[in-house]
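One structure is given here, and the rest of the page talks about it.
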Amino acid sequence: MTDSITVTDNRTGEAVEIPIVDGGISAGELRKLLPGVWFYDPAFMTTALASSSVTYLDGDGGILRYRGYPIEQLAERSSYLEVAYLLVHGELPNAEQLRTWTEDIRMHTYLHDNFRKRFLDGFHYDAHPMGMLVSGIAALSTFYPEAKDVVDPQVRHRQIIRMIAKVPTLAAACHRYSAGMPFVYPDNGLSFTENFLSMMWKVAEPRYEPDPVLAHALDVLFILHADHEQNCGTLAMRTVGSAHADPYIAASAAAAALSGPRHGGANEQVLRMLSQIGHVDNVDAFISDVKAGKGKLMGFGHRVYKNYDPRAKIVKQTADAVFEVTGRNPLLDIALKLEEAALSDEYFVSRKLYPNVDFYSGLIYQAMGFPTGMFTVLFAIPRVAGWLTHWQEMIDQDSKIYRPRQLYVGADRRDYLPLEQRK
Ligand code: SDX
């Protein structure tokens, strides 16, 4: 038996055999047999938009690997910056490569001072940090016009360094503005994640002293969120990038997609859901409401994972270390009861709904003192590495501009009707 399919057009009797390669079949081959007939696949439920060597997901097996390395090993033994290097370059760095990469990032953490003096001041006092971040990432493109030369590898690499380095600074600045606190400049004597914590929390002390347990826990969370194959935000990055718009503009589109409650915005909604439930005694009633179609169990379900999201397991383990320092988040008991109730309920089991990465992460962020509005910003910071990696891969593949077709089901041709003749 050959790894192929044969498709017959019953109108003509013509047939075409198409090989199954890397788990897919070429739609182009089918187009030869069926010109003008399109694959109807709303929300791309069964469509592979590209071949990629970045991240491997096995939804049934609950497997996630970055460039072949299991997420469990990276979370336990690597750092976010090393993982960002792995994603962007495809290989783990040697000592010299890691040193250079770390130094390059360190040297690009500053923002143009107009962000502090003018840009952020334009926002309302209670502006949502994600709206500020999306705008700020797009605004970065106006400071680096060279970035439009997307086909030059050196230019691309400089923007990759800049964006990985500057987004944490921008993210912290958005928080400081929302909190009415003065902007904190990067402290390049700290690690990537420690520096972000310093820019978030430094007040009057001469130098911010990050708690090593919390800094490590956040670095692990950054590793877990760094990439996830062709998710909605990454699709936005690839789509805008396929028009050869600059990477800052493309990344702002990716961040905009991520902000949606069905996507990265879910971690914020989980906390609101847990607070709304309020007590473990209310869990059963909440579950009944969800089963009756009165809302979703936020942080549950996934388009790909039909098993436990491997990241959620690691987040749950990380929570224990954090709560040792911060004290246990009382909402954890409600989350645990929700998980227990859902995983033993036919409604969720039959639909293969398990906790995803967003279900427990917000509990950690809240325990660390982050305001709920910053939760999706904390998702975006590390995901910048994944967006840029896929953007770079798409450009290197010399991808055409993304322009899907449609099935037209609207009105046939009709003539313009003067106003007085309309009903
Ligand atoms: C992320 O793609 C990625 O990789 C994303 C991400 C990444 O790292 O980039 O992993 C990050 O976005 C994680 C997902 C965070 N979102 C949430 O937690 C929001 C709650 N989840 C749902 O909105 C939903 O599960 C989605 C959006 C995540 C997935 O939706 P699908 O694949 O379109 O599935 P569906 O909506 O068709 O659901 C299938 C069934 C439906 O029931 P029926 O119509 O068959 O009766 O399951 C039900 C849904 O109503 N369902 C849920 C549910 N999720 C799906 N019911 C209750 N609660 C839920 N959370």
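What follows draws every value from the coordinates through simple rules; no lab data is involved. The structure presented is a predicted model; accordingly, all values stated were derived computationally and were not measured. Neighbour counts are summed over all protein chains in view; Cβ atoms, including those assigned to glycine, are modelled from backbone coordinates with ideal geometry.
Things worth noting here:
- Amide H contacts of R67: T55, Y56, each under 5 Å away and 5 or more positions distant or on a separate chain (H built 1.01 Å from N in the peptide plane; Pro and chain starts excluded).
- Phi angles across segment 252-268 convert, under the Karplus curve 6.51 cos²θ - 1.76 cosθ + 1.60 with θ = phi - 60°, into 3J(HN,Hα) values of 5, 5, 5, 5, 4, 4, 4, 5, x, x, 7, 10, x, x, 5, 5, 5 Hz, Gly and Pro given as x.
- Binning all Cα-Cα separations of segment 4-58 at 5 Å, short to long from zero, yields these whole-percent fractions: 4, 15, 23, 24, 18, 9, 5, 2, 0.
- Ranking A319, L331, L343 by how far each Cα lies toward the positive end of the dipole of segment 263-403 (charges on Cβ) leaves L343 at the top.
- Column: log10 I(q)/I(0), Debye, Cα scatterers of segment 266-367, q = 0.12, 0.15, 0.18 Å⁻¹: -0.35, -0.56, -0.81
- Between 0 and 90 degrees, the angle of helix 331-343 with respect to the longest Cα principal axis of the chain falls at about 30 degrees.
- Helical contribution to [θ] at 222 nm, DSSP H n ≥ 4, -39,500 (n - 2.57), averaged over the chain, rounded to 500: -15500 deg cm²/dmol
- The Cα center of segment 394-410 and the Cα center of segment 1-39 differ in position by 19 Å.
- Looking at segment 332-372, the trypsin sites (Lys or Arg not before Pro) that sit in a DSSP loop and have at most 16 other Cβ atoms within 10 Å of their own Cβ are R351, K352.
- In segment 53-165, taking the dipole from charged Cβ atoms about the Cα centre, the farthest positive-side position among Q154, L111, L133 is held by L111.
- Percent of Cα pairs exceeding the 40 Å cut-off, where the set is the chain: 24 percent
- Averaging the sequence gap over all C-alpha pairs within less than 8 Å and six or more residues apart, then dividing by the number of residues, gives segment 266-367 a relative contact order of 46 percent.
- Dipole-positive endmost among L378, A251, A75 within the chain (Cβ charges, Cα centre): A251
- I5 long-range amide H proximity, modeled H, under 5 Å: I18, I20
- Column: log10 I(q)/I(0), Debye, Cα scatterers of segment 297-347, q = 0.17, 0.21, 0.24 Å⁻¹: -0.62, -0.89, -1.07
- Residue-by-residue Karplus 3J(HN,Hα) for segment 27-42, coefficients 6.51, -1.76, 1.60, Hz, glycine and proline x: 5, x, 5, 5, 4, 5, 7, 10, x, x, 9, 9, 7, 8, 9, x
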